[in-house]
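Worksheet: one structure, shown below.
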Amino acid sequence: MGFPDLTRLAFAYAVSFGAYWTGMGPRPFSAAYAVTNRCNLRCAYCNTPFMDPTDLSLEQVRSLFDRLHQLGVSRLGLVGGEPLIRKDIGEVVAEAKSRRFYVTFNSNLVLYGRRPEVFEDVDLVFTSLDGDPETHRERRGERSFDGVLDAIAALVARRKPVVAICVVGEADLPQAERLVEQAEKIGFQMHFQPQCLDTEIVRGDLGEHVQSQELRRFWAGLLALKQAGRAIASSAPYLEVQSRWEDFRVSAFHDPRVRCAAGRGFLYVDPQGRAYPCAYTKGKAEPIDLLREDWKSAFPGTTPCTVCNVGPMLEFNLLFQRPFSATADALRRIA
C-alpha cells in the first residue's frame, strides 16, 4: 500500500471517527459490497448461496460506487458469495480502483488459477482456512481445499498481502497454532472469528458439546500467541473481547448504554444494491436501496443490536471505541 493510499484511507477514517463522536450523522469510511450471492462452495455455516442470485449490472455497479464515493467511503470490500463467479469481476475491480478505493477482496481462491489477473489491482486479499485439509473440507465441501495454498503462495509472491480467515466452531488451539505456523512459513496472516448465529446470511449452529468456557480459553490462547508476535491479523482488543464473551450462542444483543458504529462508520450492501448498517443486520434492519436513496438522509441512526462478537463488525467497532490500540493493529495489517 503506497503512502498516498494510506493517507487517503487514514483521512477518511478520521472524518468518520469525528462524525461518530460528535453526532454529525453517518459518514462511513468503509463499505462491504457483496458482488453476488452465488458461490462454488456450500460451507456449513454460510447461507448466501441459498439467497437471491440476482446481481447488479455493471452499469448499476458504477452508480453504486459513485454513491459510495460521494458518501465518503475510502475502503471497499468486495465480498460474496464468491466474487470470482462474476464474469465481469475484473471490470468491477477496475471501476472500484478508478474511484481510488482501497480494495479488499474476499475469495475462497478455488478459482484463482482461472483468473489470477483479477487480483492485480486488489490491495488486500482475504481467503479462508478452517484448519487442516480434512477439517477444511468437512466444513466447506469436498473440493474446497483444492489449490488454495498454492494460490496463497502465488499471491504472496506477487507481494499481495493475504489474510486467511478461520471460522471457529471448536476450541481447538493446537489446530489454530498449526494454521499460524503454516502462515508464517508461506508469508500470510491468520484471522480467527467465531461462528456467528441468528442472522440471514448464516446457517448452522454450534454443537451441543461446545462450551463457552472452553471457547474463552481458546481465545485467551490466541491472544497469548498474538502478544508473542505470531502471524495473527486479529487485533489484540478483538481477541480480548472474545476471551471474555459470555455466551458464544449469542452473537449480538442490544445494550441501550452502548452505541454501535455500524451505519455511521461502516455499512454493508447486498448483491441487489440494498444497504444495511452491517452484514449481520441483514434481515433485521430495514434495507435502504442505494441506487435510489441517500444513506445519510435515509439511515435512521439506530441498529437492532449494539454489542456483538461477529468478526469483521467487532473489529470495525473497535476502531471507533478503542481507536489507538485497534488502529495500530489495523495499520500493521494493511501497510
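Values quoted throughout were computed directly from the atomic coordinates according to the rules given, and no laboratory measurement underlies them. Bear in mind that the values here come from a model prediction, so they are computed numbers and not experimental data. Positions of Cβ are backbone-derived with ideal geometry, glycine not excepted, and every protein chain shown enters the neighbour counts.
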**Report entry** Test result for Gly141, in contact with a Lys or Arg (Cβ under 8 Å, 6 or more places away or on another chain) and at positive phi
**Finding:** yes
Requested in this report: Mind checking which helices (runs of 4 or more DSSP H) fall wholly inside segment 1-113 and carry at least 1 residues that are touching a helix residue (DSSP H, G or I) at 6+ places or on another chain (Cβ under 8 Å) and within 18 Å of Ala262 (Cα to Cα)?
Outcome: 3-22, 58-71
Query raised in the report: Has segment 119-126 got any residue that is over 18 Å from the mean Cα position of the chain (by Cα) and not aliphatic (A, V, I, L, M)?
Result: yes
Query - Contacts under 8 angstrom Cβ, first residue in segment 205-234 being within 16 Å of Gln189 (Cα to Cα), partner among the aromatic types (Phe, Trp, Tyr), 6 or more apart - result: Leu222/Phe192; Ala231/Phe188; Ile232/Phe192; Ser234/Phe192
Requested in this report: State whether one or more residues within segment 249-272 are touching a residue at least 40 places away in the same chain (Cβ under 8 Å), farther than 30 Å from His209 by Cβ and of a type in the set (S, T, N, Q).
Outcome: yes
Report task. Residues being crowded, with 21+ Cβ neighbours inside 10 Å and more than 17 Å from Asn108 (Cβ to Cβ): count how many of those fall in segment 147-179. Result -> 3
Report summary line: Within segment 77-101, residues touching a residue at least 40 places away in the same chain (Cβ under 8 Å) and over 24 Å from Cys166 (Cβ atoms) come out as Arg86, Ile89, Val92, Arg100
Query raised in the report: Being over 23 Å from Thr48 (Cα atoms), within 20 Å of the chain's Cα centre (by Cα) and not charged (D, E, K, R), is that true of even one residue in segment 133-143?
Result: no
Query raised in the report: Among Gly265, Gly301, Gly273, which is within 19 Å of the chain's Cα centre (by Cα) and on the phi > 0 side of the Ramachandran plot?
Result: Gly273
Report task. Select from segment 39-71 the residues that are of a type outside the set (A, V, I, L, M, F, W, C) and within 13 Å of Asp88 (Cβ to Cβ) and write down the one among them that is surrounded by the most Cβ atoms within 10 Å (Cβ to Cβ). Result -> Asp55
